[in-house]
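Following: one structure in structure tokens, then a few remarks.
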Amino acid sequence: MHETTGTTGTTGKLLAAIAGTGRDAVRGGYSRPVFSTAERELLDWYVGELGRRGLEAQTDRNGIVWAWWNPTGAPPAGAVVTGSHLDSVPGGGAFDGPLGVASALRALDLLRERGIQPARPLGLAVFPEEEGSRFGVACLGSRLLTGAISAERALGLTDPEGNTFADVARAAGLDPAGFGRDDETLARIGTFVELHVEQGRGLVDLDAPVAVASSILGHGRWRFSVHGQGNHAGTTLLADRRDPLLAASRLVVAVREVAAAHPGTRATVGRFQPVPGGTNVIASRVDLWLDVRHPHDAVTAAVVAEISRRAQELAADEGCTVQVREESLSPTVDFDPALARRLTTALGGVPNLPTGAGHDAGVLAERVPTAMLFTRNPTGVSHSPEEFCTDEDAELGSVALADVLADLLTGHSCGTPPG
Ligand code: HGY
Ligand code: MN
Ligand code: MN
């Protein structure tokens, strides 16, 4: 890995410029849902930084923002692309997404300072709705690009306020008729490399600043709607109740029991919404969302089937009914091993780590040779205000990204397209 050079900007300074955007005074951390004012402000910042570098931002028909650096006038196909996302989970950290975007800008600066003359274009990309926090489907932008989700299904997705993706995207200046698989854009990508803050303690425990990703845990999201009888808290005897909140609460406990019975499973209920949600009102319905992850997709399916079975039992015990709907499913992804080896070598032999977090790189890996870099997070915590990355490690991550991009941009062509 190269040493960092004393240039005008650093990765930390780039991030400092957006540190005040989208702060959430209630939850703490940041809430930057896709197409929100905060996320659009971040995009404006990004477009401004591209402009400062003489690059023009181009928003494609799926809302992905591209920029191309091609100083040698190389043919557009086979580009090396890097980037990440700017949207966040509710109350998220400052680095999940933006670190990859800032590192891409910084790596471009370093490539230029080093006088790199690329044999193929470098693309920078920002993908919308990676978290799926507003419309429920993770990596919505990259799924639209690859065809992993149909435009029809995507456009009909709704946010918690009932706005459709089509309406919100239209209000953001996109044409709903344009959404969908984009083979022409995909054909331009020879290799995709995403840098991301590590969302665990792997690098902390290894006392290393940067790693190459080996795999992404398969993961999915299911919505459970438990229906009962809404009623008055004071006039309804216990024997006369059909309380969905009771059934749903028992279901949350059952989720942990089922997960614990399937080693290696990570099952979470982080979103639990009684309707109507009044203090003196027995709920008529409870919506809860289940996130299940496991290295083996068959185990994920078995866990969800068992949890669904328990849900039916617990609902019936309380005179309620329950509906289960799959909202998002991503298989376990093993990154291109040859590409991972090449990046590891280019970086002088850094650790290779799996991740339990999903990424746009995991979606793109279905269609193009893809790799990821992780930058150390000393807290190991993510999807929380405690998520962190020191300025020094952020800069080391950008230097590592510049190192691997230089290798991919000047060396022989990259990776083997997935079969
Ligand atoms: O949920 C995830 O793993 C990612 O942060 N979207
Ligand atoms: Mn992320
Ligand atoms: Mn995330």
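Since every read-out is calculated from the coordinates, none of them should be taken as a lab result. The structure presented is a predicted model; accordingly, all values stated were derived computationally and were not measured. Because the Cβ atoms are built from the backbone with ideal geometry, glycine has one as well, and the counts that use them run over all protein chains shown.
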What dipole magnitude, in Debye to the nearest 20, does the range 219-330 give about its Cα centre under +1 on Lys/Arg Cβ and -1 on Asp/Glu Cβ?
180
Please say if the range 30-72 is rounded, prolate or oblate, where rounded means a/c under 1.5 for a ≥ b ≥ c the square roots of the C-alpha gyration tensor eigenvalues, and otherwise the choice is prolate for a/b larger than b/c and oblate otherwise?
oblate
On Cα atoms only, tilt of 37-52 relative to the major axis of the chain in degrees
10
To the nearest 20 debye, the chain has a Cα-centred charge dipole, built from +1 on Lys and Arg Cβ and -1 on Asp and Glu Cβ, of 380
With both partners inside the chain, how many of the DSSP beta bridges are antiparallel, as a percent to the nearest 5?
70
Checked against the positive end of the charge dipole of the chain (+1 on Cβ of Lys and Arg, -1 on Cβ of Asp and Glu, about the Cα centre), the farthest of ALA400, GLN323, GLY380 is GLN323
Lys, Arg +1 and Asp, Glu -1 on Cβ, resulting dipole of the range 1-135 about Cα centre, debye, nearest 20:
220
If you bin every alpha carbon distance in the range 219-330 into 10 Å steps from zero, what whole percent lands in each bin?
16, 46, 27, 10, 2
Which of the peptides 37-48, 132-143, 219-230, 15-26 is most tightly packed, and how do the rest follow, judged by the mean count of other Cβ atoms within 10 Å per residue?
132-143, 219-230, 37-48, 15-26
Counting just the Cα atoms, what span does the range 1-154 cover along each of its three principal axes? Round to the nearest Å and put the largest first.
45, 36, 26
Sorted from fewest to most neighbouring beta carbons within 10 Å, what does the list ASP334, ASP393, ASP287 look like?
ASP334, ASP287, ASP393
MRE, 222 nm, helices only [DSSP H, n ≥ 4, -39500 (n - 2.57), over the chain, to nearest 500]:
-10000 deg cm²/dmol
Checking rank on 82-91, 180-189, with mean other Cβ inside 10 Å and highest first, the result is 82-91, 180-189
Rounded to two decimals, what is the ratio between the C-alpha radius of gyration of the range 112-219 and 2.2 N^0.38 Å?
1.35
Cβ crowding within 10 Å averaged over residues, with 192-201, 254-263 ranked highest first:
192-201, 254-263
By its C-alpha gyration tensor, with a ≥ b ≥ c as the square roots of the eigenvalues, how is the range 329-414 shaped: rounded for a/c under 1.5, else prolate for a/b larger than b/c, else oblate?
oblate
Computed on Cα atoms only, the convex hull of the chain has an orientation-averaged projected area in nm² of 20.4
Among GLY63, ALA77, ALA119, whose Cα sits farthest toward the positive end of the charge dipole of the chain (+1 at Cβ of Lys/Arg, -1 at Cβ of Asp/Glu, about the Cα centre)?
GLY63
Roughly how compact is the range 172-268, stated as its Cα Rg over 2.2 N^0.38 Å to two decimals?
1.87
How many angstrom lie between the Cα centre of the range 119-189 and the Cα centre of the range 267-284?
30
Would you please give the FRET efficiency between THR235 and GLU41, computed as 1/(1 + (r/R0)^6) with r the Cβ-Cβ distance and R0 = 60 Å, to the nearest 0.05?
0.75
Once you have the alpha carbon radius of gyration of the range 263-318, what is it after dividing by 2.2 N^0.38 Å, with N set to its residue count?
1.39
